[in-house]
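**Q** Questions regarding the structure given below will be posed in turn.
No value in this document is a laboratory result; all are computed from the given coordinates. This one's a predicted model, so the numbers in the text were calculated from it and none came from an experiment. Every residue, glycine among them, receives a Cβ derived from its backbone with ideal geometry; neighbour counts consider all protein chains shown.
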Amino acid sequence: MAENILVIGGGPAGMQSATLLADLGVNVSLVERDSYLGGNPKKFKYKFLFPDMQPADNVIGELIRKTETNSNIKIYYSSEVSDFKENGKKFDVTIKSPNGNETKTFDSVIVATGFEHFDPARDAKYSYQLFDDVIDIKDLERMFGEGNVNRPSNGQPPKNVAFILCVGSRDRHVGNQYCSRVCCTVSVKQAIELREHFPDCEVYIFYMDIRTYGFFEDLYWEAMEEHDVQIVKGRVAEITSGPNNTVICKGEDTLLRGPFEIPFDMVVLASGMEGGPQSPEMAKKLGLELDEHGFLKPQNVTLAPFKSNKKGVFLAGACTGPKAISDSITEGGAAAMDAYVYAMKNK
Amino acid sequence: MEYDENGVSIVPFEFKKEIFEEARKDFRYEEYVRGCLNCGVCTGGCPPHRFFDFSPRIVLQNMKSKDPELIWTMMDEYIWACFQCFTCAMICPFLNNPGGVIAILREIAVRRGFESAKKVLKPYSRVLLKLTAYGNQLSPDMIQPDFFPDWGPHIGYASTDLPTKRKAIPMPTLQVTNLAWDVAPETMKELYDIFDEAGVFKIIESVDPSLYEIIQDIVDDVRSS
């Protein structure tokens with residue numbers, strides 16, 4: 001009899017786990033809270049992915065197609081794990097779906113419940129939701145996806161745009177001391193996209209540090225050298241309304257100009273990643289450990305990054321911390337291996 | 001005090017070090033000085049930064065440098081440019097408190113009777129005198145063009161005919177110009193006890209010895225009444 005493995009979450013990591021396990025002949029149950037697969041990249045209509053600017057559909061769309069067409073995968077849409085019990089080395093899990101409750105026994109479980117975008121309205125200094133022209137990177141990504149990146153306030157093309165990095169990350173006031181890893185690269189990518197879309201539009205990036213780690217650095221150089229993106233060291237202290245329907249960014253250019261107050265047509269906040277309400281919920285339901293940042297905690301961050309504190313329950317993707325899509329997909333595969341080995345050993 | 005050829009006082013390094021150590025030993029130091037990434041949020045939001053060469057980021061960075069020379073450079077004018085509004089402390093993403101560091105340094109300057117402290121506190125001697133004599137901070141007769149130039153061009157007019165103007169105020173006043181309200185001697189005595197305990201009299205003695213003498217006479221009078 002084939003193994004039964006439960007995958008919770010149908011984002012990049014969960015879909016990668018599910019398809020690989022299904023290819024091995026495992027009966028996979030995939031529980032997804034939304035009515036569609038694809039996670040945050042699908043929900044917020046990501047258009048192009050860094051570092052190579054390939055269309056998101058090539059990656060996310062492809063994973064969705066592979067997951068949906070695999071006969072070994074049973075997908076539960078708009079569903080959740082309503083009950084979770086250990087049964088020896090196996091797990092009795094009740095899945096609550098629109099078609100009612102279903103209880104199954106699984107050999108192992110992969111948690112891939114992902115992250116939530118930080119809500120910039122929680123940090124009042126950025127005036128998000130107060131001014132229409134203050135948006136964040138997920139809003140801009142959706143606007144690119146929908147093909148309209150004009151100013152939300154009046155539908156006109158922006159003449160200058162500011163990106164503000166580290167919104168909701170590396171900020172003890174909002175409770176997130178960590179770096180969200182991808183927002184710098186996403187912002188640099190979007191700055192390039194904006195410059196290509198509006199060649200006359202000036203684009204500024206206000207930074208404390210720019211963390212386009214590894215080869216993502218290529219994009220950072222490209223933004224500076226080929227797209228003339230202005231990169232200014234200084235975190236913005238306040239956003240207020242300015243003349244002629246502009247928003248003013250106030251801060252200190254700590255290297256060159258000192259204090260500045262610059263009116264912009266549009267401000268894009270590089271909001272970071274959070275464990276969201278789903279991480280503590282999973283921790284509670286499955287008896288997993290949470291870390292001090294609100295993400296699920298791996299058993300050993302170096303040696304066993306995909307194992308949870310509970311034997312037979314594995315972790316993949318952004319539920320253990322901020323991650324790029326490519327890393328999440330890698331982790332989906334790695335966790336699938338761990339989950340498969342556990343299931344085989346306890347057959 | 002020694003002076004160099006330009007008339008600038010020479011302060012020995014050991015003394016600067018002593019000042020730094022005094023600041024670092026303050027019980028608030030650990031709470032106020034944490035990690036700093038030079039993001040500039042504090043300075044970007046700092047009201048005096050718009051008017052003076054003053055930056056809370058520099059204050060914190062100087063403190064973190066643990067360099068007595070750098071800290072000493074702030075003791076003369078720099079620390080007195082701060083409004084003590086603590087906007088920096090409110091907005092620092094890493095919960096530093098540059099305004100608090102300023103408070104620690106100012107207290108050292110006051111305790112040790114530095115010239116800068118004497119200069120800055122001079123205009124307040126009238127307030128201190130009024131406070132210790134009558135328990136009032138400000139009274140109408142303190143409005144004089146010489147002392148409140150920042151109140152604008154009408155201060156000259158405002159300071160004339162005070163008794164008449166006082167009577168024109170449509171609410172109960174004491175009909176005098178040297179008091180805003182009456183304070184009972186018992187309250188004054190309690191105030192002196194608080195000043196004693198909090199070291200306020202000691203501070204006055206170090207920054208303004210002649211004012212201290214006048215105040216002591218008043219205090220003795222009230223206490224023996």
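**Q** Please report the spacing between the Cα centers of region B:160-225 and region A:60-110 in Å, no decimals.
**A** 78
**Q** Using only the Cα atoms of region A:118-272, build the gyration tensor, take square roots of its eigenvalues as a ≥ b ≥ c, and label the shape rounded, prolate or oblate: rounded if a/c is under 1.5, else prolate if a/b is larger than b/c, else oblate. Can you show the working numbers first?
**A** Details: a/c = 1.24, a/b = 1.04, b/c = 1.19.
Rounded, since a/c falls under 1.5.
**Q** Between A:P120, A:P199, A:P243, find the one with the highest GNM mean-square fluctuation for chain A; connect C-alpha pairs within less than 10 Å.
**A** Top of the fluctuation ranking is A:P243.
**Q** What's the FRET efficiency of B:I169 with A:D209 using the Cβ-Cβ distance as r and R₀ = 51 Å, to the nearest 0.05? Display every interim value, and only then the final one.
**A** Values: r = 58 Å, r/R0 = 1.14.
It comes to 0.30.
**Q** Could you compute the FRET efficiency for B:D196 and B:R28, with r as their C-beta to C-beta distance and R0 at 25 Å, rounded to 0.05? Mind dumping the intermediate values first?
**A** Numbers: r = 23 Å, r/R0 = 0.92.
The pair B:D196/B:R28 has a calculated efficiency of 0.60.
**Q** Taking 7 Å along the Cα-to-C-beta vector as the label spot, tell me the B:E205-B:R111 distance in nanometres, rounded to one decimal.
**A** Once both label points are built, they end up 1.6 nm from each other.
**Q** What net charge is computed for the residues neighbouring A:D107, neighbours being all others with C-beta under 9 Å from the C-beta of A:D107, Lys and Arg scored +1, Asp and Glu -1? Could the numbers behind the result be given before it?
**A** On the way: positive: A:K89, A:K90, A:K347; negative: A:E3.
Computed value for this residue: +2.
**Q** Also, I was wondering about something else. Work through the residues other than A:D218 whose Cβ is under 15 Å from its Cβ and net out their charges, Lys, Arg +1 and Asp, Glu -1.
**A** Values: positive: A:K189, A:R211; negative: A:D52, A:E217, A:E222, A:E225, A:E226.
Counting the neighbours of A:D218, the net charge comes to -3.
**Q** Let me ask another. For the protein assembly as shown, what number results from the quotient of the Cα radius of gyration and 2.2 N^0.38 Å? Each step should come with its number before you reach the end.
**A** Values: Rg = 32.4 Å, N = 572, 2.2 N^0.38 = 24.6 Å.
Ratio of Cα Rg to 2.2 N^0.38 Å: 1.32.
**Q** For A:I164, A:I231, what ranking results if the residue with the fewest other Cβ atoms within 10 Å of its Cβ goes first? Show your work: numbers first, answer last.
**A** On the way: A:I164 28, A:I231 17.
Lowest to highest Cβ neighbour count: A:I231, A:I164.
**Q** Any chance you could get the radius of gyration and Dmax over the Cα atoms of region A:73-130, in Å?
**A** 17.9, 54
**Q** For chain A, modelled as a GNM with alpha-carbon contacts under 10 angstrom, which of A:G39, A:G287, A:G333 fluctuates the most?
**A** A:G287
**Q** Would you work out if region B:2-112 is rounded, prolate or oblate? Take a ≥ b ≥ c from the square roots of the eigenvalues of the alpha-carbon gyration tensor; rounded if a/c is under 1.5, else prolate when a/b is larger than b/c, oblate otherwise.
**A** Details: a/c = 2.04, a/b = 1.52, b/c = 1.34.
Since a/c reaches 1.5 and a/b is larger than b/c, the shape of region B:2-112 is classed as prolate.
**Q** Sum up the charges of everything whose Cβ sits under 11 Å from the Cβ of A:A318, counting Lys and Arg as +1 and Asp and Glu as -1, but leave A:A318 out.
**A** Summing Lys/Arg as +1 and Asp/Glu as -1 gives -2.
**Q** While we're on this one: Using the Cα gyration tensor of region B:121-224, with a ≥ b ≥ c the square roots of its eigenvalues, what is the shape: rounded (a/c below 1.5), prolate (a/b larger than b/c) or oblate (neither)? The partial results should precede the final answer.
**A** Values: a/c = 2.90, a/b = 1.51, b/c = 1.92.
Judged from the Cα gyration tensor, region B:121-224 comes out oblate (a/c at least 1.5, b/c at or above a/b).
**Q** Provide A:I137, A:I248 in ascending order of the number of other Cβ atoms located within 10 Å of each residue's Cβ, fewest first. Walk me through the numbers before you get to the answer.
**A** Details: A:I137 25, A:I248 20.
Neighbour counts put them in this order, fewest first: A:I248, A:I137.
**Q** Hey, another quick one. Which residues does the label zone of A:K96 cover in region A:1-23, counting backbone N under 13 Å from a point 7 Å along Cα→Cβ?
**A** none
**Q** Quick check: Cα centre of region B:53-119 to Cα centre of region A:218-278, how many Å?
**A** With region B:53-119 and region A:218-278 each reduced to a Cα centre, they are spaced 28 Å.
**Q** What is the average number of partner chain Cβ atoms found within 10 Å of a Cβ in A:235-242?
**A** Working: counts 9, 5, 13, 5, 0, 0, 0, 0.
Neighbouring Cβ atoms belonging to other protein chains average 4 per residue here.
**Q** Could you quote the convex hull projected area for region A:193-347, Cα atoms only and averaged over all directions, in nm²? Please list the in-between numbers first.
**A** On the way: hull surface 51.9 nm².
It is 13.0 nm².
**Q** In addition: Order by neighbour count: B:H49, A:H117, fewest other Cβ atoms within 10 Å first, most last. Let's see the in-between values first.
**A** Numbers: B:H49 26, A:H117 21.
By the 10 Å Cβ count, ascending: A:H117, B:H49.
**Q** DSSP loop (so not H, G, I, E, B), at most 16 other Cβ within 10 Å: list which chymotrypsin sites (Phe, Trp or Tyr not before Pro) in region A:121-224 pass both filters.
**A** Details: sites: A:Y126, A:Y128, A:F131, A:F144, A:F163, A:Y178, A:Y204, A:F206, A:Y207, A:Y213, A:F215, A:F216, A:Y220, A:W221; in loops: A:Y178, A:Y213.
Those satisfying the criteria are A:Y213.
**Q** Next question. Taking chain B as a Gaussian network, where each spring joins two C-alpha atoms under 10 Å apart, which residue of B:L211, B:L131, B:L37 fluctuates the most?
**A** In the Gaussian network model the winner is B:L37.
**Q** Rg to Rh for chain B: what is it, with Cα atoms only and Rh by Kirkwood?
**A** Numbers: Rg = 21.1 Å, Rh = 20.4 Å.
On the Cα set of chain B, Rg over Rh gives 1.04.
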